[in-house]
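Here, each number is a calculation from the coordinates, and none is a lab measurement. No experiment lies behind these values; they were computed from the predicted model shown. Because the Cβ atoms are built from the backbone with ideal geometry, glycine has one as well, and the counts that use them run over all protein chains shown.
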Amino acid sequence: MSDFHMVVCVKAVSGSTEVKMDPKTNTIVRDGKQAVINPFDASALECALALKDDFIGFGMDVRVTVVSMGIPATESLLRDCIARGADDALLLTDRAFAGADTLATTYALKCGIEALDEDFDLLICGKMAVDGDTAQIGPELAGAFEIPCVTDVSCVQSAGFTTCGSLALIHGCDAGEETVYLEMPCAMTTAKEIGQLRMPSIAGIRAAEEADVRVVSAADVNADPARCGLAGSPTQVVRSFVPDRDQTCEAVEGTVPEQAAKLAKIIEEMA
């Protein structure tokens, strides 16, 4: 058992701006092609790795576990996380998880995290996913585990952890920024400003190749099928479409007063 255990939730998102939708389920098609780590989650991982460096400096035994829910191809991204400094990874992959909204995703992730070998001290998520923009997973996980949560964290000050057992977190709020103190266990979501994910080292790449990424199904983590995927999602997309674009133009001629009158009429007809 490590002295300090951090769990970082990451999501695979498309590296392309072209998003495909399943016409039957109205959910995003995730085929693994051009997939990358969600940028906000990459910053969350860097936050955990920086804290790991700090705590090791305090003489602590620190472990960083990366957890994701996705298709089997997501395993390669988790190995990349290990190459950059994470210690181990867990991938939840099962057709039962397909089409999950944030509530069903939170439930599956909670089941996966509870199946880990040890409890966590700090849970870190990116502020939001660039393909969904809900910013709900981090706070929902904190609620599921009944632990405090701070969102939109841009800076973590760990110097006081060994003396008072809490982290000083600077995060965005309505007034601008504020500093809050959290005792463990707790959760936080990170802004991109918290740090850019470091490059993998040669030793890290070798370790990632040999690492045993734990791949589990819904049954493996004792997840209730009724609470997973589309079946467990109270919110669903009813319809998705690509907006029609009209690129025709109309020349407005005449004197300035005539042009103004014609333009006003065009705007009225558009309303």
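Details
- Karplus-derived 3J(HN,Hα), 6.51/-1.76/1.60, for each residue of the stretch 126-137, Hz, glycine and proline x: x, 4, 6, 9, 6, 9, x, 6, 8, 6, 10, 4
- Stretching ALA251 away from CYS155 to a fully extended chain increases their span by 29.2 nm, per 0.36 nm per residue minus the current alpha-carbon distance.
- Estimated inter-spin distance, ILE205 and SER76, nm [label 7 Å along Cα→Cβ]: 1.5
- Which label in (i) 1.13; (ii) 0.95; (iii) 1.11 gives the computed Rg/Rh (Cα atoms, Kirkwood Rh): (iii)
- Here the Karplus relation 6.51 cos²θ - 1.76 cosθ + 1.60, evaluated at θ = phi - 60°, turns the backbone of the stretch 243-248 into coupling constants of x, 6, 10, 9, 9, 6 Hz, with x for every Gly and Pro.
- The angle separating the long axis of helix 256-270 from the principal Cα axis of greatest extent in the chain is about 60 degrees.
- Ranked list, fewest to most other Cβ atoms within 10 Å of each Cβ, for LEU45, LEU103: LEU103, LEU45
- For the stretch 4-232, the Cβ-based charge dipole about the Cα centre amounts to some 640 debye (Lys, Arg positive; Asp, Glu negative; other atoms uncharged).
- Range in the chain, longest, excluding exposed chymotrypsin sites (Phe, Trp or Tyr not before Pro) [loop by DSSP; at most 13 other beta-carbon atoms within 10 Å]: 59-240
- Amide H partners (placed H, <5 Å) of ALA135, local residues excluded: ALA129
- Per-residue Cβ neighbour counts within 10 Å put THR189, THR255 in the sequence THR255, THR189, beginning with the fewest.
- Proximal charge balance of THR134 [Cβ under 13 Å; K/R count +1, D/E count -1]: -2
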